[in-house]
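For reference, the structure is listed below as structure tokens.
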Amino acid sequence: MSRDAILRKIDNANAVRMSSDVAAAAAALIAEPDGYRATFAPQSVYDRFVAKATSETVTATVEDIASLEALPEAVAAYIANNELVPRIALQPRDSLTELNWSGFETVDQAQMNETLAVTFADAAIAETGSLVFRTAPDAPVLLNFLPLHHLVVVRRSSILPHMEDAFDHFGTTADAQRRSLNVITGTSGTADIEAKNVRGAHGPRFMHIYCVTD
Amino acid sequence: MKQTSHQFSENVTRALAEPTLKIALDRTTTLLRTRRAKVIDAFPEYAKARETAQKIKDHTLDNLGHYLRQFEENAIASGAQVYWAATPAEARKTVTDICKAEGAKTATRVKSMLGEEIGIGEALADAGVERIETDLAEHIIQLAGDPPSHIVMPAMHKTQEQVAELFAAKHKEPSEEQDVTSLVGSARRELRAKFMNADISISGANFLIADTGSFVTVTNEGNAELTTTPPKTHIVTVGIEKIVPSLKHAAVFLRLLSRAAIGTEITQYTTFFNGPKRDGDRDGPENLHIVLVDNHRSDMLSDFLRPMLRCIRCGACMNHCPVYAAVGGHAYGAVYPGPMGSVLTPAMTGLKGSKDLPNACTLNGRCREVCPVNIPLTDMLRALRAKQFDEGMPTPMTKWALRLWGVMATRPALYRFGTGVSNMALRLLARGRGKITSVPLAGGWTRTRDLPEPEAGTFMQQYKKRR
Ligand code: SF4
């Protein structure tokens, strides 16, 4: 069987190299993460997140809202400003669906050419201006990828400094993993034609982030 | 793809004669180099990050058997099926068998170099499955019928004008405008429905996480998630060296990969996948198959090419290589071009059929300097040259020339006389124009470029005069 033959070859090649305590050796390599990742003190986690999310390469926009209840009104303004149809693909999560969406057509699934979706991010990462989405029955993947306009809600308290903090927050063991963890940093882009940067390649072209400050 | 590394010099001659190729390469590599320099300058922790990345890879390679077993166990526990393939043929057969068992008709694919390496196109064709490339660059070269010419930007050899022509001819609703934004829009329209209706999705993985059984993809387009979510079955083909111990170890590489490849701090979409669709999930594949591919990686573990297994396929070495910038990726005639390819191709397909590759290098060392995992590319290329010599591979002409040089170099008076005469001869050929446009018997050198006029006198002559 190929499996055993491959592993045997590997073990032979490594006979004198294997660590005696593999886990300890692996942990020692990442014991001081601040030495090898971008640190940003004295800038606050929130300021760093906003600066990165709205930077030239990430291209999102950020708006503070006082509470989740203020979301429908804020979304209404976005739709009006961009002259879009009042239809929202809404993540089927209780905290979103129980809000008052009167005046909008809401659907819980994105169509192939969906214009706009509103989804909740489970966390955000300040270092890179990224949003973190974990799949769940009320958090499907495609809602974050199909729409042209991606509107994201994130709680200010769930903005974490670094990617490692997000791993710690959700758990690093095999059992703690959901089917997928999407780390999304801005909008879909491509540089495949002469390295020129263009937005809206396959996924969203616009990203607007509502930061709930309560 | 059909390997043509054995006819490297013919390939180069053809590449140099192609006027648009140089334009495409210049436009792209210049931008990529500038962007990388800028983002690395703004990352004071870079040196430490690079050192850490190298150490993690070395540690993981030292314990590769342990980590692969751990990954396998966790991936199976997550609901995935895991296969092992020693050769590209075995990997293809595994993929073909899965497709046949599923009765699949169409497959959407996320670009991966490993897929190219094993010939995934062939595997799908054997199963009678239509292959739809979703990465924009792969889509371009699929329409053009070209092999990839770069590991991160496979369509680097195409100019914007050429892409416009191609889309106008092949897309159902091409755009009137020919600017890059419109071209991207045209591809978006073309591919949308295909994402949603494919039977199978195929991807590679940038990292495997041993202690969770997860695998990671990174894209800027978001095509990995759009491709792998709707179809019922997802097949991952991945090289065994992609493994890292844990999620946090992967984070170290995510910071380096995008910076080195395209000059951004992180890719737009970084996804950690763990098993197939769970109970209650509204989307995601029902079946997940992971094919772990060796293809000589385990051989490389026990020779001087071992450090090459640290490679994270960022492409920085080729973006900074003067040879690559002059001839482009196709001239190398293999899946992996540029400096890293000149090391990998001989390792994976034998030195005999690729003996020009280690020599297509000026040993300027830029590749190693920009490599985010500090792979000693030039040392390895030099070692491959030595190996070639030991195995008696150079042509009689090369051997003869080296012997002649040996005779000259060990006799200083003769050497000085010889270099003095050739210096005079070259100055005569230049006729005071500052450049030499043709040299008798060396047409291969001057056909595509000029030789600069030499200084008045050899180094030794000038040194004596000035002393
Ligand atoms: S050899 Fe280094 S620079 Fe080249 S692709 Fe691999 S990691 Fe990148």
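No lab work stands behind these numbers, since they all come straight from the coordinates. Quick caveat, the model's predicted, so the values are computed rather than measured. Every residue, glycine among them, receives a Cβ derived from its backbone with ideal geometry; neighbour counts consider all protein chains shown.
Laid out as a table, the results:
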item: Projected-area average for segment B:72-134 over all orientations - Cα convex hull basis, square nanometres; result: 4.6 nm²
item: Over segment B:67-298, equivalent-ellipsoid semi-axes from the Cα gyration tensor in Å; result: 29, 20, 17
item: Rounded to 10°, Cα long-axis angle of helix A:71-81 versus longest principal axis of chain A; result: 70 degrees
item: Antiparallel content of DSSP bridges confined to segment A:41-212, in %, to 5; result: 30 percent
item: Computed magnitude of the charge dipole of segment B:67-298 (debye, nearest 20; Cβ of K, R +1, Cβ of D, E -1); result: 340 debye
item: Shape parameters for segment A:48-108, alpha-carbon atoms, Rg then Dmax in Å; result: 13.3, 35
item: Using distinct alpha-carbon pairs, which all enter the 1/r mean, Kirkwood radius of the protein assembly as shown in Å; result: 26.8 Å
item: Dipole in debye (nearest 20) - chain B, about Cα centre, beta carbon charges: Lys, Arg +1; Asp, Glu -1; result: 2540 debye
item: Degrees between helix B:412-430 axis and first principal axis of chain B (Cα, 0 to 90, nearest 10); result: 80 degrees
item: Shape metrics for segment B:150-200, restricted to C-alpha atoms - Rg then Dmax, Å; result: 12.2, 34
item: Antiparallel bridges, percent of DSSP beta bridges restricted to the protein assembly as shown (to nearest 5); result: 35 percent
item: DSSP beta bridge pairing in segment B:67-298, given as percent antiparallel to the nearest 5; result: 25 percent
item: Against the rule of thumb 2.2 N^0.38 Å, how large the Cα Rg of segment B:117-189 comes out; result: 1.16
item: Magnitude of the charge dipole, the protein assembly as shown, Cβ model with Lys/Arg +1 and Asp/Glu -1, debye to 20; result: 4060 debye
item: For A:31-40, mean number of other protein chain Cβ atoms within 10 Å; result: 5
item: Separation between Cα centres of segment A:1-60 and segment B:316-379, rounded to whole Å; result: 26 Å
item: Cross-link reach list, aspartates and glutamates versus B:LYS172, counting only Cα pairs under 14 Å and skipping chain neighbours closer than eight places; result: B:GLU190
item: Lone cysteines, the protein assembly as shown (no partner Cβ under 4.7 Å); result: A:CYS211, B:CYS99, B:CYS311, B:CYS314, B:CYS321, B:CYS361, B:CYS371
item: Angle in degrees between helix B:160-170 and the longest Cα principal axis of chain B, rounded to the nearest 10; result: 40 degrees
item: In Å, descending, principal axis extents of the Cα set of segment A:15-157; result: 68, 37, 26
item: Tail fraction, Cα-Cα pairs, segment B:397-466, threshold 15 Å, whole percent; result: 63 percent
item: Value of D in µm² per second that Stokes-Einstein yields for chain B, Kirkwood Rh from Cα pairs, at 20 °C (1.002 mPa s); result: 88 µm²/s
